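The values are calculated or read from the model by the stated rules, or taken from the named source; none is laboratory data. Bear in mind the structure is a predicted one, so any value in this text is a computation, not a measurement. FYI the Cβ positions are ideal-geometry reconstructions off the backbone, even for glycines, and counts take in every protein chain you see. Remember, those area values only see protein heavy atoms, side chains included, never the ligands or the DNA or RNA. Shrake-Rupley method; radii C 1.70, N 1.55, O 1.52, S 1.80 Å.
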Amino acid sequence: MKSFHQYIGAGLAGMMALAGCTKSLNYTPEVFVAQPQVFKDQAGATAAVTGIYAQLQTLKKSDYALIGIVGTDEARCTYQSQGYGDYWANVTGLDVYDIKFSSQNYQLTGFWQDCYIGIANANAAIQGIPNASIADPSVSNRLLGESKFMRALFYFYLVQLYGDIPLRTEATPFSAGVKRTPADQVYAQIIDDLKFAMANLWVKSKNPGIGRASVEAAKALLGKVYLTRKDYTNAKATFEDLINTDGLTLLTDYAQLFDGQHENNAESLFEIQYSTDANNTQGLQNLFGSYAGPGIPGEAYNSHTPGAGGTVVMATAYYSDTVFDKNNDKRYLASIWPHRYDGNGNTMDWWVDPGLPTIKKYDISSSDIDIYNSGKNLYYLRAADVYLMYAEVLNELGQTGAALAPLNKVRNRAGLQNLEDAWGRTPTQTELRTELLDERMRELGGEGWRWFDLKRTGTLVSRVMAHNNPRAYYVTINGNGDPHPAQNISDKNSLYPIPLNELQTNSALSLTDQNPGY
Amino acid sequence: MLFCLGCILQARAQQRQVQGLVQDAKTHSPLPLATIHIKAKGIPDATKITDSRGRFSFNAAPGTSLEVTYTGYKSIQVSINDDSASITILMDAVYGKLEDFVFIGYGKEKKPDLTSSISSLSSKDINELPATNLASAIASRTPGVEVHSNGYAPGSGNSVNVRGLNSITRSEGPLYVVDGVAITGDIRDLNPADIETIDILKDAAAAGIYGSRAAAGVILVTTKHGKAGLATIDFSMYYGVQTPNNPYHMLDAKGYYDLKKFAFNDADPVTFAPDSPDAKFFNPYELKSIANGFKTYDWFKAVTRSAAPMQNYSIGISNGVGKNKVYFSGNYQDQKGIMINTGFTRYAGHFSIESDINSIFKLGGAVNVDHNITKGVSSSVYQQALTQSPLMPIFDSTGAPLVITDNSTGTLTIRNPMTSALYSVNNYTANRTMANLYMEITPVRNLVLRSSIGADLLNAESDVYYPRNTGEGFSTNGSAEVYNTKSTDVLWENTATYTWTKGDHDLNVVAGATYERRENTAMDMKGQQFPTDLLTFKNMGSAGIKTQDNTNYDGWIVQSYLARAIYKFKKRYIVNLTGRRDGSSRFGQDNRYGFFPSASVAWRLIDEPFMGFKLKSFLSDWKIRASYGLIGNQNLPYDAIYTRYNNAQYPFNGSNATSGYQVGGTAGNPTLEWERQHQSNIGMDIAALNNRVSLSVDVYNKNITSLLLPFNLAPSSGFYNEQINVASMNTKGVDINLQATPVKTRNFEWQMTFNWSRYKSRITHLLPGRDSVSLSLRVGQPPSGVLVNYVYDGLYQQGDDFTLNPNGKPGDIRIKDLNHDGKITPQDQTIVGYNIPGGWGGFWNWFRYKRVTMTVLASYEYGQQLNNLPYTNLTYYNSWFGNIGNVTKEGGNYWTPTNTHTNIPRPNAFATSLKPLPGGPDQGSSYSIQKGDYIRIKSITLAYDIPGVVTQKMKLRNMNVYVQALEPFLFTKYKGLDPDNGNPTQLENYPRYRTFLVGLKLGL
């Protein structure tokens, strides 16, 4: 009997052991880190800030980058692009503001989404960094400064494009519905963030961290924000601070800016970095290149040739033919492929759209893999932009004479004489306005600022109708069957429509919160 | 041989020699070393033991009674009569034939005493078809279980659904339990030949013992174990030939020639004028074929084998002498695929042992080892072979596949799917070991304590290599992937079972605790730019670029307590109460545990005294069952409760990447919990005419709540969605199983089984305040299988109104403008069909004439519509399948200005204008929706049982030879694809085939 009891005892004891042993069901994930763990230390905080930059890279690596470039007077979509499929018809919609330019447009929805992912990462970092155990407070402030700079950068895109947007900060829970905050409030947040950044980032000329946001970049961006708000006094002060305290340099050879061999040069203030690693490439030449022949007669023509591509975007006639002094302006041949050549060395201008001039600035260099995978960086801010903005500010403040100095710096670098010498007189304020707009096209064409420049100066609709309306021209030649889509821009298009899925899923918004006219 | 232990001959009674044989009543297998107690009046009891052949011989007087006992068998009393010269004593196994018992999870129950809905399949049923995969073997054999194949390629898996739809987003199929060990994931590494029975637990009361894993049903698999008795050896083999059964008939060379010329001319009449030379349309190789009188090349034949062999050899040895029962089996299977260079090979072994150490201890275990290799092929080979230009020659003058490279750029200008078929590598190798070890202690009578440890270890590797002369590998100079996965699943269970019987009362109580831990690891490497193709994927170090180098580790833990009580009163009122408490690591802190109770009752009317004699002579069985219970589904992604940071990189200096983290994607939800299913089931089992007819009907209703839905977050939050438990749905259904023996004479017998199932699933609640998420996901509709598309409205003809398609031409597809707004937008889509069957099932017929048997197994399904996009794509010229674009003969009837009475749109030469059209080839329209009703004859088998006279001469127990035809006929209006395809919107990547085989089974 005793042995039986032993057996029962043993068996039940085993079961009790299992029952009593509350093996923890906390299975800690082994292959990823979850939110609170990331900000434990400096390495984690730095890694999280790296992720914010990565989101900017993602935003600009393909067709979303066309927002700001097409639909302006400098670049347009080719007539073939709408036929490449529904997706590309949406891209064409960004250019001609037709029925595809709606709240369901893929690109503007994706742009909104990608910017907000960047903002969410920045918010997470701004919330988490103060709690991280970082020994040196200047490091922690610098990381905070970088996060705020990036948040300001994303919000600046959004508020210019969409107007009143939901303002989410580090305190907003992600599932909360957020109303459309008035643009003024968003700008106030942007300015706040940039001021903190200015005070806490590294100085570019002195710091070891190439590619990171710097004091100069923050000042340049802050100046641009003030300029957009028409706060010329503060803009002037910021630009002068930047020019005098930190100094700006212009490269002597304009073409070097875009040859892919001079990344992060002295003129650049903030670039979006790409490399030839598998995940870090951009595919923009494919959008700006043409499938017509090479730009140099007799050159081999394949996916490794600069200028080759899918014929989606091309330069407007104004940008490629009119605005440049083709003989003297060294920027012309660095910005535009004026001709394409067929196998016999003859120009193909007759092959409408694929044979016409294209923008050259995104061409791959010998270090890139192919037209779909390029490691070439994109400029966000550079010194020439600051000079032209400073000139604009001075002109708006009535100091037209003083505005000529920074303008001439840019002109001289391009091989042109001073403006007053070329014209034989000082221009009026109104003339200088127009001249500055054209100068921005010559200097910064295709770099992603044009739409914002036109909106800021109130010239979006007029200049687009004047220079981005190829159908009007071709119909007189080919008749009504001409395939170029009509330009439909109107005043409502100075604001992009709020994406439909935002209105549907944001609990504080409904379909009535859309921008007028959509 | 005479073993005579202590035998005392008494002179008093007239002793005479008694001899005989002790055998198992069912199998007639002799029982060696059985104990015979001899009781006679006036003499002391004696004990004899049978010899190794079950024979006995001793002296005893008439009137002596013998009691024969044997472990595992019911003791039997036999009296010695005067005239019994030789006695054969038949003993019944205590557990009878295994099929008389049904496994109900942590225990067994006799079929008549079941209170819940369980279907059983025997080894004979499972092995009737030579399936490589268990799920194929059970398809259409039982009601309520829907099995769809994932393709015909050897080694393909299946998708299994028990009792309809159980979730909106998380259907991972039923839980498989093999010998008590829950295995999650693939069942395809278990050899069907090693399976003794399969019991499918369908309703909440049956499956509830598995609590949180039971929502999609539980399939209990019991592998073969040794049987009591002398060693038996069973050997079976078959050899077969597979022949292609291609449902697509493509245009020949002349038809293709006309099509291409018409298409290009129609698109661009200036460049491709009707009188343009052929050289403008065709390349030099095609021109040669044209000159040769439109020579047609058969690409399909080139990539397939006209007769692909398959063979299988299986041996099983069972030995149950005394206290140990042992079972070994080995299996080799090799199936060459219909497409060249494909196939499936399996080596499997199974070993199980049960040992009664003494009256208290019992030890047992089983190991199942499976090594299988699947050689596959890229899905593009079949697709490209179908759509290749029939004018293109397949091989060049050296006999190698014709490939043209542009030497200056290195790009392939002429691609040939033969290169991929012949030279690419696409292998999947799996090594699976399932093992379990258990110990049972019976400290007091009626109490059994059991502890078991089980493990499921899978180590699989997938290797892919595309050399530079294939379409997939030329642009990257070779492309390789090595993907290695390991998973380990360990289960520790402890249960105590107590049975108590007194008078009319019968009680069986089980209580237990289990702990399961699963760990998965994966390693994935992808590379490109290889210096040579000779080493294929084996030297990843030589890759010029590594495009992926990734590892993954994840796992989960489930910890549970379970209890069940079965109470029977007067053997005809049965009540079953089950409860299980599960804790899972997949859920947030506050929601880890759930309690899943269920109850079921059964009333055996047939045993009621009020069943009159007349009724009882007609009915042989009548039982009514009812059950209700709560079961759960814990199948959510294991990381759904966390907000994950993903890897991100940024090259700060423009060249070297710095790695970092980025948040985004799915936001974590720490409050996630189980999906809950309340299921009620009413069933009736009735049999008549001495079990010649039996019918089983089950009606069930499931209310499923807390369904997981990805709740879309506002894009401005930075996340796409988070998983929340919010939705609910309802599934109702009926399962019917009818078994009958319509004819039974000495020489001729006909048995049949017919099953029919049907279910209806509806979403009852979605998101708060919203009744629909999209057109295909809304309240009142099934959670999946809703086909939403544009409505096809014929073709545009000359002079039609083109407002809805301003850039269109006559011959384009016209879509109905449902909301009459003058344009075609996504608002013009509507529900055009449902992928849910109105009913499905199987029909099994068995005929016997003397020693010849014929079996016909058929399956059917009706009422479902399918989106036959692949067939449409093969009908429209230049559609999704690329720029080569041959079409089917039906597609040859395309619209031209002189051929306007047709449904095929005008051929689209540059793949530009039809593609973006709503209703165009990429999207489809109601044109591509077809009825998927079918009746399929799955197999016809003709078998012959070799007569006993012959087998005895060969010293065999039995021998059977058969011929079999698999998939001989399919009756359906569905074009092209197999309507049973689990993934109907994609073209099969493998053609259909029929198999003819001969086989042999013998037992020693």
From the option list B:Leu707, B:Leu695, single residue qualifying as assigned to a strand (DSSP E or B), more than 11 Å from every other protein chain (Cβ to nearest Cβ), crowded, with 17+ Cβ neighbours inside 10 Å and modelled with pLDDT of 85 or more is B:Leu707
Working only within the stretch A:133-169, note down all residues that are within 25 Å of A:Leu381 (Cβ to Cβ), in contact (Cβ under 8 Å) with a residue 40 or more places away in the chain and part of a loop (DSSP other than H, G, I, E, B). A:Gly163, A:Arg168, A:Thr169
Output for the stretch B:448-478, where each listed residue is more than 27 Å from the chain's Cα centre (by Cα) and open to solvent by 30 Å² or more (accessible area, probe 1.4 Å): B:Val448, B:Arg450, B:Ser451, B:Tyr466, B:Arg468, B:Asn469, B:Glu472, B:Ser475, B:Asn477
Those residues that are among the hydroxyl-bearing types (Ser, Thr, Tyr) and touching a helix residue (DSSP H, G or I) at 6+ places or on another chain (Cβ under 8 Å), I need them from the stretch B:533-565; list them, please. B:Thr547, B:Ser560, B:Tyr561
Going through the stretch B:501-522 one residue at a time, which ones are exposed (fewer than 15 other Cβ atoms within 10 Å of the Cβ) and outside any loop (DSSP other than H, G, I, E, B)? B:Thr501, B:Lys502, B:His505
Please enumerate the residues belonging to the stretch A:192-234 that are open to solvent by less than 30 Å² (accessible area, probe 1.4 Å), within 20 Å of A:Val393 (Cβ to Cβ) and among the hydrophobic types (A, V, I, L, M, F, W, C). A:Leu194, A:Val215, A:Ala217, A:Ala218, A:Ala220, A:Leu221, A:Leu222, A:Val225, A:Leu227
Filter the stretch B:218-276 down to the residues that are open to solvent by less than 50 Å² (accessible area, probe 1.4 Å) and aromatic (Phe, Trp, Tyr), then identify the one that is nearest to B:Gly364 (Cα to Cα). B:Tyr238
Could you list, in sequence order, all residues of the stretch A:327-348 that are under 28 Å from the mean Cα position of the chain (by Cα) and charged (D, E, K, R)? A:Asp329, A:Lys330, A:Arg331
For the structure I just gave you, tell me whether B:Thr387 is hydroxyl-bearing (Ser, Thr, Tyr) and out of contact with any helix residue (DSSP H, G or I) (no Cβ under 9 Å at 6 or more places or on another chain). no
Within the stretch B:553-566, does at least one residue satisfy the condition of being open to solvent by 50 Å² or more (accessible area, probe 1.4 Å), away from chain A (no Cβ under 14 Å) and not in a loop (DSSP other than H, G, I, E, B)? no
Per-region count, the stretch B:714-748, residues outside any strand (DSSP E or B), on the phi < 0 side of the Ramachandran plot and buried (at least 21 other Cβ atoms within 10 Å of the Cβ): 4
Taking the criterion of being in contact with a Gly (Cβ under 7 Å, 6 or more places away or on another chain) and either open to solvent by less than 60 Å² (accessible area, probe 1.4 Å) or touching a residue at least 40 places away in the same chain (Cβ under 8 Å) (or both), would at least one residue in the stretch A:254-262 satisfy it? no
Qualifying position, being open to solvent by less than 30 Å² (accessible area, probe 1.4 Å) and touching a helix residue (DSSP H, G or I) at 6+ places or on another chain (Cβ under 6 Å), among B:Ser314, B:Ser318: B:Ser314
Under the condition of being out of contact with any Ser or Thr (no Cβ under 9 Å at 6 or more places or on another chain), facing chain B (nearest Cβ under 7 Å) and part of a helix (DSSP H, G or I), which residue from the stretch A:27-52 is farthest from B:Asn669 (Cα to Cα)? A:Gly51
B:Thr941 fails exactly one of (1) at pLDDT below 90; (2) under 26 Å from the mean Cα position of the chain (by Cα), namely (1)
Matching residues, the stretch A:53-86, being farther than 21 Å from A:Phe149 by Cβ and within 9 Å of chain B (Cβ to nearest Cβ): A:Gln80, A:Gln82, A:Gly83, A:Tyr84, A:Gly85, A:Asp86
Output the residues belonging to the stretch B:849-880 that are part of a loop (DSSP other than H, G, I, E, B), surrounded by fewer than 22 Cβ atoms within 10 Å (Cβ to Cβ) and under 27 Å from the mean Cα position of the chain (by Cα). B:Gly863
Checking A:Glu420 against (1) away from chain B (no Cβ under 14 Å); (2) surrounded by 15 or more Cβ atoms within 10 Å (Cβ to Cβ); (3) charged (D, E, K, R); (4) in contact with a helix residue (DSSP H, G or I) (Cβ under 7 Å, 6 or more places away or on another chain): exactly one of these is not met. Which one? (2)
Scan of the stretch B:344-362 for residues that are away from chain A (no Cβ under 14 Å), closer than 18 Å to B:Gly320 by Cβ and open to solvent by 50 Å² or more (accessible area, probe 1.4 Å), ordered by number: B:Phe351, B:Ile353
Going through the stretch B:467-519 in order, the residues found to be touching a Ser or Thr at 6+ places or on another chain (Cβ under 6 Å), modelled with pLDDT of 90 or more and not acidic (Asp, Glu) are B:Tyr483, B:Lys486, B:Asn494, B:Asn508, B:Val510, B:Gly512, B:Thr514
B:Ile831 meets each of (1) more than 27 Å from the chain's Cα centre (by Cα); (2) part of a strand (DSSP E or B); (3) within 28 Å of B:Asn989 (Cβ to Cβ) with one exception, condition (3)
I'd like the full set of residues that are in contact with a helix residue (DSSP H, G or I) (Cβ under 8 Å, 6 or more places away or on another chain) and in a loop (DSSP other than H, G, I, E, B), limited to the stretch A:64-78. A:Gly68, A:Ile69, A:Gly71, A:Thr72, A:Asp73, A:Glu74
Checking B:Tyr498 against (1) surrounded by fewer than 20 Cβ atoms within 10 Å (Cβ to Cβ); (2) in contact with a Leu (Cβ under 6 Å, 6 or more places away or on another chain); (3) under 30 Å from B:Asn191 (Cα atoms), only one condition comes out false. Which one? (3)
Could you list, in sequence order, the residues of the stretch A:360-388 that are closer than 21 Å to A:Leu444 by Cα and assigned to a strand (DSSP E or B)? A:Ser374, A:Leu378, A:Tyr379, A:Tyr380, A:Leu381, A:Arg382
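Yes/no matrix, rows are residues, columns are (1) open to solvent by less than 20 Å² (accessible area, probe 1.4 Å); (2) within 16 Å of B:Gly924 (Cβ to Cβ):
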position: B:Trp750; (1), (2): no, no
position: B:Tyr759; (1), (2): yes, no
position: B:Pro782; (1), (2): yes, no
position: B:Asn789; (1), (2): yes, yes
position: B:Pro806; (1), (2): no, no
position: B:Lys809; (1), (2): no, no
position: B:Ile815; (1), (2): yes, yes
position: B:Gly822; (1), (2): no, no
In the stretch B:530-547, the residues that are surrounded by 13 or more Cβ atoms within 10 Å (Cβ to Cβ) and within 14 Å of chain A (Cβ to nearest Cβ): B:Ala543, B:Ile545, B:Lys546, B:Thr547
